[in-house]
Amino acid sequence: MKKLILPLFLISTMAFGQTNLRPQIDQKASEIESKVIEWRRDIHQNPELGNQEFRTAKKIADHLRSLGIEVKENMAVTGVVGYLKGGKPGPTVALRADMDALPVTERGDLPFKSTVTTVYNGQETGVMHACGHDTHVAILMGVAEILASMKDQLEGNVKFIFQPAEEGINEEGVTTWGAKQLVEEGVMEDVDAIFGLHISAQTEVGTIGYRPGPAQAAVDNLEIIVHGTQAHGASPWSGVDPIVTASQIVTGLQTILSRSVNITQNPAVVTIGAIHGGIRHNIIPEKVEMIGTIRTFGDEQQALVHKRITEIATNIAESAGARAEVNIQKLYPSTVNDLELTAKMVPTLEAAAGKDHVRVNPPVTGAEDFSFYQREKPGLFIGLGGMKKGGDPTKTPSHHTPDFYIDESGFILGLRVMSYFVVDYMGMK
Ligand SMILES: [Zn+2]
Ligand SMILES: [Zn+2]
């Protein structure tokens with residue numbers, strides 16, 4: 001018997017070698033909770049749009065340096081990357097927070113409400129942390145403090161990625177995101193796994209949501225131009241009507257979701273958001289332009305939907321004697337949580353939140369630029385509850401709106417779970 005028990009014991013301590021640091025994390029998280037809330041309020045009151053997060057970046061860099069963490073600034077414009085070398089060799093675990101705010105004018109009467117204004121796309125607007133990225137920054141600053149306090153015990157290294165412009169930047173015709181830029185600058189090269197969280201205004205504090213595999217959609221812009229032949233509205237037979245053709249294409253596109261996509265696996269969306277064509281009631285125009293958005297889950301489904309859009313549009317147009325030009329611009333890839341990593345980390349989520357407070361989320365048709373990191377290395381992105389206990393998610397203002405509100409009592413779970421990710425992952429290697 002002895003022979004059998006000893007190796008089993010060894011295996012179990014090897015597999016969970018660093019979970020013994022959890023009580024230390026809990027202790028430290030309670031100690032710094034109020035400080036994290038203060039940081040968050042300061043950042044909330046001083047929101048900065050994507051690639052303009054100068055004040056936020058300085059606050060982060062100063063804090064990381066004060067903890068003895070090696071800091072690189074001006075990554076992907078305003079990004080800050082901190083590197084904490086653990087006392088023992090092991091994997092490098094990356095943790096990510098996004099720093100940007102949105103052109104939204106804050107309502108409500110929080111004492112730390114934003115009164116910042118700017119001009120965006122030629123319009124006067126307020127600036128607000130209406131997606132909760134202020135909470136992500138404050139939480140990750142706290143996690144840095146927790147892990148720095150136990151660095152000698154860490155069996156590996158931690159990379160703290162504070163990225164700009166998650167909501168995207170569109171300047172001079174170039175569309176990009178902080179995560180994409182950082183990946184291009186090599187931020188993921190020495191990383192073994194990456195973890196991130198998003199606060200959720202519709203999820204009760206104390207709850208963690210996750211989804212294995214494709215969790216959030218890929219977003220692509222769609223443009224279809226239907227070229228016909230102009231004619232008098234009274235004699236359509238003398239031309240080729242692009243309006244009738246465009247109408248058939250719009251309805252034809254809906255068959256992709258009902259007939260081509262395996263809806264038992266993942267949903268998909270094709271939406272035409274605008275149709276422009278024509279000038280007068282009795283003129284059949286020469287062309288019709290349509291724009292829309294495509295939401296898909298995973299590369300395979302994305303390729304299928306793109307192929308079907310092109311086939312349907314060009315063939316319907318051809319059957320009418322018209323010609324359709326299809327342009328698809330890929331924006332965010334799908335946020336795909338690595339299956340193996342997710343399965344490994346579920347016990348970590350349960351240890352942090354309690355089994356009853358961990359749930360599998362439905363797929364989300366919105367996007368997240370965390371996906372760019374996950375294309376490089378295995379990654380897990382989770383949702384963290386930020387709604388008041390007992391709140392009604394259907395009546396709670398959603399993200400990106402002026403009344404968006406986050407309950408700060410949810411932060412401590414963020415501190416704990418992000419720190420657990422690091423020590424648990426290190427213990428597994
Ligand atoms: Zn957002
Ligand atoms: Zn966001």
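The table for this structure:
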| read-out | value |
| --- | --- |
| Among P285, P402, P347, residue whose mean-square fluctuation peaks in a GNM of the chain (springs only between Cα atoms under 10 Å) | P285 |
| FRET efficiency, 1/(1 + (r/R0)^6) with R0 25 Å, evaluated for N262 and E350 via beta carbons | 0.20 |
| Label zone at E73 (point 7 Å along Cα-to-Cβ), backbone N below 15 Å, the range 17-58 | 52-58 |
| Charge sum, other residues only, whose C-beta stays under 15 Å from E171's C-beta, Lys/Arg counted +1 and Asp/Glu -1 | -2 |
| Computed magnitude of the charge dipole of the range 218-332 (debye, nearest 20; Cβ of K, R +1, Cβ of D, E -1) | 160 debye |
| Length gained when the stretch D62-S398 is fully extended (0.36 nm per residue, less Cα-Cα span) | 117.7 nm |
| Per-pair calculated FRET efficiency, R0 = 41 Å: R375 and E289 via Cβ, rounded to 0.05 | 0.85 |
| The chain - Rg over Rh from alpha carbon coordinates, Kirkwood radius | 1.06 |
| Added length on full extension, which subtracts the Cα-Cα distance from 0.36 nm per residue, Q254 to N315 | 20.5 nm |
| Calculated Rg and Dmax of the range 292-429 using C-alpha coordinates, Å | 20.3, 65 |
| Inter-centroid distance (Cα atoms) of the range 146-202 relative to the range 247-297, Å | 35 Å |
| Proximal lysines relative to K180, as straight alpha-carbon distance under 30 Å, when same-chain residues fewer than 8 apart are discounted | K58, K59, K72, K85, K151, K159, K307, K330, K344, K377, K429 |
| Theoretical gain in end-to-end length, D299 to T105 [0.36 nm per residue, Cα-Cα removed] | 66.2 nm |
| Highest-fluctuation residue, F404, F162, F297 considered, GNM on the chain with Cα pairs under 10 Å | F404 |
| Rounded to 5, the percent of DSSP beta bridges in the chain classed as antiparallel | 70 percent |
| Förster-model FRET efficiency, 56 Å R0, E31 and S247, C-beta, rounded to 0.05 | 0.30 |
| Relative contact order %, the chain, counting alpha carbon pairs below 8 Å whose residues are six or more apart | 23 percent |
| Histogram of C-alpha separations across the range 32-127, 5 Å bin width, % | 2, 11, 18, 20, 18, 13, 8, 5, 2, 1, 0 |
| Among H281, H63, H357: highest mean-square fluctuation, GNM of the chain, C-alpha pairs under 10 Å | H281 |
| Mean-position separation - Cα centroids, the range 379-403 and the range 105-136, in angstrom | 17 Å |
| Debye log10 I(q)/I(0) at q = 0.12, 0.13 Å⁻¹ for the range 218-332, Cα point scatterers | -0.43, -0.50 |
| The range 198-275, relative contact order [Cα under 8 Å, separation at least 6], % | 15 percent |
| Electrostatic dipole magnitude of the chain [Cβ: Lys, Arg +1; Asp, Glu -1; Cα centre; debye, to 20] | 1140 debye |
| Rg/Rg_globular for the range 93-193, with Rg_globular taken as 2.2 N^0.38 Å and Rg from C-alpha atoms | 1.32 |
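Coordinate-derived values only; no laboratory data. Bear in mind the structure is a predicted one, so any value in this text is a computation, not a measurement. Virtual Cβ from ideal backbone geometry, glycine too; neighbours counted across all protein chains shown.
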